[in-house]
Amino acid sequence: MKTINILLLDDKEENIISLSALLEDVEHVNLISSTDPNDALKICWKEDVSIALVDVQMPKINGFEFVSILKSNPKTSHIMAIMVTAISKEDKYLLQGLESGAVDYLYKPLKPEITIAKVRSFVQQILVQQELKEKNRELEVSRQELLKTKEEAIQARKSKEIFLANMSHEIRTPINGIMGIMHMFKSSELSTEQRDWLKRLDNASQSLLLIINDILDLSKIDSGMLKIEFEDFSLSKMIEDINKIFKIKATHKNLDFEIEVDSEVPQYIRYDSLRLQQIISNFISNSLKFTESGSITLTVKFMEQKEDKSLLRFIVKDTGIGIKEDSVEKIFMAFEQADDGITKKFGGTGLGLAIVKRLAKLLNGQVGASSEYGKGSEFFFEGWFEASDHDQEQKENNAPSYNTFPKFNNMRVLVAEDNDLNSFMLAHMLRSWNCEVDIVRNGRLALENVEANHYDLILMDTHMPIMSGFEAIKEIKNHIIPEKHGIPIITISASVLEHEQAAAFQAGADGVIGKPFDPIELYQKIVDVSAKINS
Ligand code: ADP
């Protein structure tokens, strides 16, 4: 424990000697003495004095004046002063001392026990105060550290977002190229064997895209960027589609795939169909993956009705490998698998169920699992569904090959894209629509080309070296010649982040298209922006 300094001030040396002797046994103190008030003041300024025992009657400065001086100086005002006096105990003297700032009195002749007890009690008070100060200091340090950690967490989240934007761009860009080239292949003359190779390539790219989308989904949900979109759709059609997709896959593994739907389940509902299908498909894909023989059943149970909403439970049950009891909880956490051997044997990222759980929360629903190790598992999703009486118009899925789309009227298009595969693929598509295409690799060259030539349309990648797409768009849209700033511009971004898309519009883009895109999407976008510009 720390020692504290006590100053003894008395003009008579013998009084100091007797007081020092009295206080000799008080723990944690160091005694400093003086017979001269001026000298004592200097000590108080220089040393870290906590308590001063001050004689009242002194020749040059009396004790009251001494204490007043101490109290009026911020450097010494904290010192606890105890007046030591032989004069009367009358109230007026007592008051004078207290008014000057003293905290207590000791009366001469000093009674040893009282003197020691009082000094001990003040020493104790000061030690407690010092401890409090120390704790406060430590608290302040922790507070500062916490603030710093919070700052770092915010920074890390920002970096994560930037990383996400970049990564999605970097990975999706080559996939876009691969898928585009596959579209080109599909619309060319191929032998049956080549068609089979292409199908395999298509499957591999689709799975790659699925994994990337999973990682992006998880990050989007975690950063609050995933939006739930409600629409009217046919639940029975969705179940029919699920049946079509998974029946074939189950048959390949010699598994039975059954679907049971309670008669009270509404045919049309209003819900986020994409996310509902994602949850159910995830359960069924897992069951397919972890079941070697037997069956997989999807049951849609009607649980209860409240006003116009039905509580439905989607249950996927399998006769697969099952999950150990202590792992059932953890499989819904990101990157968790039931046991370490799973990755080796079955692959997977451990992300599917983590996404399902987060999606369920966003949908105000619930997910859960139960399992008997070695016998099979059961997964469910439960939520409230509003019944609807119709189906939103569905997009036609089996789109015709892009080279059969109606031709444009000699459109001259500038493609600014740093990825060769993508620009090659874009140029190929555009040429098949009767466009004349120039390709540049950065925003600066795009500007130069716009200066030198006439274009009807610009397709602009957003992330490019030397000058980004956004900068180039801004320059073009601020061009003094109306003919130049009126050129419709579509940005092609691999980012899934909404604010990046918003940034494209802010820069002046007339349309935004994400990578990878379907040729029909691009075609439609071109038709839309051209109509907008010409209207
Ligand atoms: P992944 O399947 O990519 O590893 P998931 O999050 O979908 O990731 O699943 C996490 C883990 O839960 C799986 O690795 C597996 O251990 C376990 N699991 C999920 N579904 C089943 C199932 N139907 N049968 C047995 N184990 C399952």
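We did not get these values from a lab; they are worked out from the coordinates using the rules stated. On a predicted model such as this, the values are computed, not experimentally measured, just so you know. Note that each Cβ is placed from the backbone with ideal geometry, even for glycine, and that neighbours are counted across all protein chains shown.
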Could you sort 225-238, 50-63 so that the peptide with the highest average Cβ count within 10 Å comes first and the rest follow in order? 50-63, 225-238
At ARG431 and GLU264, where each label point lies 7 Å from the Cα along Cα→Cβ, what is the point-to-point distance in nanometres? 6.3 nm
For 421-431, 120-130, 277-287, ranked highest to lowest by mean beta-carbon neighbours within 10 Å, the order is 277-287, 421-431, 120-130
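Could you tell me which of rounded, prolate or oblate describes the range 262-326, using a ≥ b ≥ c as the square roots of the eigenvalues of the alpha-carbon gyration tensor, with rounded for a/c under 1.5 and, failing that, prolate when a/b is larger than b/c and oblate otherwise?
Details: a/c = 2.45, a/b = 2.05, b/c = 1.20.
In terms of gyration-tensor shape, prolate.
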For the pair SER188 and ILE481, how long in nm is the line joining their label points, each one 7 Å along Cα→Cβ? 3.7 nm
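Decide, for the range 4-110, between rounded, prolate and oblate: order the square roots of the alpha carbon gyration tensor eigenvalues as a ≥ b ≥ c, take rounded if a/c falls under 1.5, and otherwise choose prolate if a/b is larger than b/c, else oblate.
Details: a/c = 1.44, a/b = 1.08, b/c = 1.33.
Judged from the Cα gyration tensor, the range 4-110 comes out rounded (a/c under 1.5).
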Mind ordering 252-258, 145-151 by average Cβ neighbours within 10 Å, highest first? 252-258, 145-151
Helix-only CD estimate at 222 nm, as mean residue ellipticity for the chain, using -39500 (n - 2.57) per DSSP H run (n ≥ 4): -16500 deg cm²/dmol
Excluding residues fewer than 8 positions from LYS118 in its own chain, the lysines with Cα under 20 Å of it are LYS2, LYS89, LYS108
In nm, to one decimal, how far is the modelled label at GLN155 from the one at SER401, with both set 7 Å along Cα→Cβ? 5.5 nm
When a/c reaches 1.5 or more, the comparison of a/b and b/c decides; with that in mind, is the range 405-534 rounded, prolate or oblate per its Cα gyration tensor? rounded
What full-extension length gain, to one decimal in nm, is calculated for ASP241 and ASN203 as 0.36 nm per residue of separation minus the Cα-Cα distance? 11.8 nm
